[in-house]
Structures are given as structure tokens and as C-alpha cells.
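Scroll down for the structure; my scribbles are underneath it.
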Amino acid sequence: MTPHPTTPALPLGDDALILSHRLGEWAGNAPVLEEEVALANIALDLLGQARILLSLAGDEDELAYLREERHFRNVQLVEQPNGDFAHTIARQLYFSTYQELLYDHLATTDTPLTPLAGKAVKETAYHRDHATQWTLRLGDGTDESHTRMQRALDALWRFTGELFDPVDGLDDVPWQTLRDEWTTRITSALERATLTVPAGPRHGAWTAGGGRQGLHTEPFGRLLAEMQHLHRSHPGATW
Amino acid sequence: MTTIAPEDTGQEALFDATIAADERIEPRDWMPDDYRASLVRQIAQHAHSEIIGMQPEANWITRAPSLRRKAILMAKVQDEAGHGLYLYSAAETLGTGRDELLDKLHTGRQKYSSIFNYPTLTWADVGAIGWLVDGAAITNQVPLCRCSYGPYARAMVRICKEESFHQRQGYELLLTLSRGTETQHAMAQDAIDRWWWPSLMMFGPPDDESAHSAQSMAWKIKRHSNDELRQRFVDICVPQAETLGLTLPDPDLRWNEERGHWDFGPIDWTEFREVLKGNGPCNDERIGRRRRAHQEGAWVREAAAAHAAKHPAHPPHAGTDQEEAAR
Ligand SMILES: [Fe+2]
Ligand SMILES: [Fe+2]
């Protein structure tokens, strides 16, 4: 096992890399042409962030393509399969609200992540707005869309506790405050959309979590197999 | 769209004069029904090609072998979606909406470029598509920037700029492979072997068999014949292939001093017609996937429309577009 860097750039870079990959799976499958453009925009922003963050931690391609599953530090939320459009939107809402709060905080500190955070917080605000608007449309749209959106929010809820597990190297982040603010924002977005804040636990014995320690969910291995296969098939090649 | 009898108004003379003077016809101008229909058909086919064309390349997004290439490919596929948007809007200025055109695509009543019915089997195919398919598209489309219909011509200016990026990126991808390991070089050569002839077919049937060409030329929708454009493309590609260190799969390719052009071998028009008829390697998959995405997205579009109807005064916000989302 090669040692991997312990900088916080790695977990945050992995979050962006993996979510970008999932969004990339939508290409050609979006419900409306405008969403092909919007989802690709978000995926590209995240990939751009991932490349900067992974480069702070080491060689971006080595880190993306040559690590084993147990060495990825992303939260489990971002690796969850796309599901229907409502699941993708729920995942976006939960994650972008978190990421905006985190980057907002990091942008005001003085760390190696500050420049990236300052730039990315604007992108993330757009991602959050996109997710919020769709949550509103789907929640307060038709009966079917309401049901689907609620189901998606419920299904992904157990992955949200992990977002606020402290990240090594980000000791100054007030995680509990972020968590409270996140809950307030999500509650307000869901209420506006006539949706219900899920009741299930976010933390506990068998809620999800552990991504930051390299423990992932079953679909993640398959995601990596697809992402890494070509690169790994040609050791040492340049692309 | 009702058309006032031209002889009563002198509108037809005005239309003819505008065309003759090489000026632009705009959406509110009178135009012959056939001109309108011909444009709608061409713009729709072009728009459909952009969105179907996303599929063979999206096939490689999740497997792109470096993060830099992944970003380039994602951005390219996104550009194609954007091209689809501009073109459906251009068709809309002629009175035909996107929903109607998509329905015609999904039910097989309108076509898209046959090139996208070929599969992308290896990573090198992404490069081959960029270099050859986007390259052929540019050769076809640059003259359309001077098309007599204003909105189409303007859309093409924007599109051509992006297509030329795509072409250069594809070329650069192939160059990297060609100069890479032996396996990578072979991968690039194999892709060129498979994509060369289909990309020559992108210019359409030979001039003497082209159904719509003559009238389109008279209306200045089209400026050059299929065969002229095909020749221009071959002349551009031959030296580029040489720089790439790759061989074009045509034993008859040779410089013709007299013509000042490259001679090339006969094109297999039977293959072209078969693919056009629906018997290509991926016709069913491409249209099937498009239909599936549309059907699976129906509830989303319905929700957006229902939401917009419930909240007509909902303030618009930056970034997304209420109306567009409601389509
Ligand atoms: Fe395009
Ligand atoms: Fe293109």
C-alpha cells in the first residue's frame, strides 16, 4: 500500500471528483436539453475543483486512477447512484448546501485551500440554486414529482450525517455550526417546496458514514472499475 | 403561418431581390412556403444530429483516461447540447417548436446525420470523431454562416467557432496516441480506419443524386455542392494525416497535379444507403436511448410545467430559466 497524503485537499478533492463523475453519467440522458447543459456545467465545475484539490495533494491522475477503493476519502453521499432525476437533485441539494457552507468558511481562513474555496464558493452557490429551484419545481409540481422527490430525500437522508464528521486537517471548521446552518437551510428549502424534512436518523450504528475513512458503499467499486480501467490498462502511457 | 398571395403584395419580388443581393431573410419577412419548409427540414436535421451526436462521445466520459481529457470531453458533449439548443431556437423562429421536432425525431419522421450510427469502440474514437466528424461538420457548416436565413446563419457562426475547437482537440488527442506507446498508436490507426469512409459520406450523396441540393443552392441556403465540399475535406485531411503519422485507409489517394486536388477511391454508397435506411450498427440504440431519455424525463417536464402554472408570478432568478425548464 502506497502511503497517501493526509492533506484535507484529498477528501474534498475526492468529493468533487466522484460527484462530477456521477453527473457525467447523465450526459445524453437528461430530461430536457437545458438540463444537459446545466448538469454538465456543474460536473465541469466540480471536476475543475477536483483537479486543483488533487494537485495540492499530489499528481491528479495518479490519485484519481491508481488508488484502490479503500484509499478514497469522499463522503458516501457523492458516490450514490444517480437514480431518477429526483435522486440526483436530492443528492445535489444536500451536497451543494454543505459544500457552499464549507467553502464559505474556508474562503475566510488562511490555508492552502483558501484560494480554491474563494473561487469555488461562487460555483457552489449556483449549484445550490439549481438544486433548490428543481426541488421547488418537483416538490410543488405534480403528485408524481412530489412523491418521487420526497422518496429521494428520504432515501439519501442517512448519508447526510457524515458530511459533518470533522475532516483531518480542517480543525478550525466549526462543524456543529455548519451542521445547524445546513439543517436550517435544507428545512427552509423543503418547506417552500411543500416537502417534509426526513425523520430518519442521520447518525448512529447503521446509518451511513465512513467514507472519510475509506469505507464506501457497494456501487463505488463499480464506479471506480469503470473510471480507472482504461488508464490502468496502459501503465505509464501518456494521454 | 398564413401566407399572403405574393402577387398581391410584391413580397415575392422583395424576397427574390433580398436573395439576389446576398442579404438576409429574417423571421418576420415574407418567404415562400417551400423555402420555409426546406429550412425547417435542414435545421431540424442539424439540431437532431447535435443531440444524437452526444451519445457516441458520452459513451467515453466515464472512462476518459486522464482528468484533463475528461474535462475536455465533458465540455465538448456539453457544447453539442448547446448547439442543439441554438438550432432548435432557430427552427422556432420559422414557426416550428422543439417539441414537434423532437417528436418527429423520436418517431423516425426526421433524420439525423448517419455518422452517429457508428459505434465508439475505443478511446481513440473520441479523437477520430473530433478530427474527422467535427472536421467534416466544419467544412459543411462554414459556408452556412452565409446562409440566406439570418437566424440560421448567426447560429452557425457561433457553432463553427466551437466545432473548430473540437476538431483541434480531436487532432491533438490522436497525435498524443500516435506518438504514444505502440498499442496507443495502433488504437489511433484502427479508429481512423473505421471513421474515414463514414466521414466522407457525411457530405451526402454525389451531386447527381442529391435530392435537395439544386433548390437549396438557388435560395442560397447552401453554397457549395456535396462533392465540392467532400473534395475540400479530403484536401484538408491528407496532409494532416501525414503529420499525425497515421494512414488514411484509401489505396487510391494520390495528388492530381492537373486538378490541383487529391484523387480518392470510390465510396461505398450501398453502405451509406443502408445506414440511412436504419440498418447501421447503432441506429436502434441511438434512437432508442433518445426516446427512453425523453420518456423517462416526461414526469420532470410535467412537474416544471405544473409548477410554473401554479406560480405564474414566481420571480425569475439568475442562472436557470423558468420558461425553458418548463418545456
Ligand atoms: Fe456541434
Ligand atoms: Fe462538435
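Brief remarks follow.
- Per-peptide average of other Cβ atoms within 10 Å, ordering B:10-23, A:54-67, B:66-79 highest first: B:66-79, A:54-67, B:10-23
- Inter-site label distance for B:D33 and B:I236 at 7 Å from Cα along Cβ, in nm: 3.8 nm
- Average partner coverage of B:74-85, which counts Cβ from other chains inside 10 Å: 5
- Semi-axis lengths, largest first, of the ellipsoid equivalent to the protein assembly as shown are 45, 31, 18 Å, with √(5λ) applied to each eigenvalue of the Cα gyration tensor.
- Spin-label model, A:H234/A:Q213: points 7 Å from Cα along the beta carbon direction are separated by 3.9 nm.
- Neighbourhood net charge (14 Å Cβ-Cβ; Lys/Arg +1, Asp/Glu -1) for B:D250: -3
- Taking B:E274, B:E163 and counting other C-beta atoms within 10 Å, the order from fewest to most: B:E274, B:E163
- Amide H contacts under 5 Å for B:Y149, placed H, 5+ residues apart: B:I25
- Too-long pairs where the Cα-Cα distance tops 32 Å, listed order kept, from B:K104/B:K222; B:K111/B:K310; B:K161/B:K310: B:K111/B:K310; B:K161/B:K310
- The alpha carbon radius of gyration of region B:1-151, expressed as a multiple of 2.2 N^0.38 Å, is 1.26.
- Counts of other chain beta carbons within 10 angstrom of each beta carbon in peptide A:143-149 average 3.
- For chain B, complete DSSP H runs whose alpha carbons reach 15 Å or more along their own long axis and whose mean Kyte-Doolittle score is -0.5 or higher are B:33-52, B:67-92, B:150-178, B:226-244, B:298-310.
- For region B:208-237, the residues whose amide N sits under 20 Å from a probe point set 7 Å from the Cα of B:W269 along the beta carbon direction are B:208-217, B:224-234.
- When B:I43, A:I89, B:I115 are sorted by how many other C-beta atoms sit within 10 angstrom of their C-beta, beginning with the fewest, the order is B:I115, A:I89, B:I43.
- Neighbouring partner chain Cβ atoms per residue of B:51-61, average, 10 Å criterion: 4
- Euclidean distance of C-alpha centroids, region B:90-105 and region A:80-95, integer Å: 31 Å
- The string of couplings for region A:48-65 from the Karplus curve (6.51, -1.76, 1.60, θ = phi - 60°) is x, 4, 4, 5, 5, 5, 5, 5, 5, 8, x, 8, 4, 6, 4, 5, 6, 9 Hz, one whole number per residue in order, with x for Gly and Pro.
Where a number appears in this text, it was derived from the coordinates with a stated rule and is not lab data. Quick caveat, the model's predicted, so the values are computed rather than measured. As a convention, Cβ positions derive from the backbone with ideal geometry for all residues, glycine included, and neighbour counts pool all protein chains shown.
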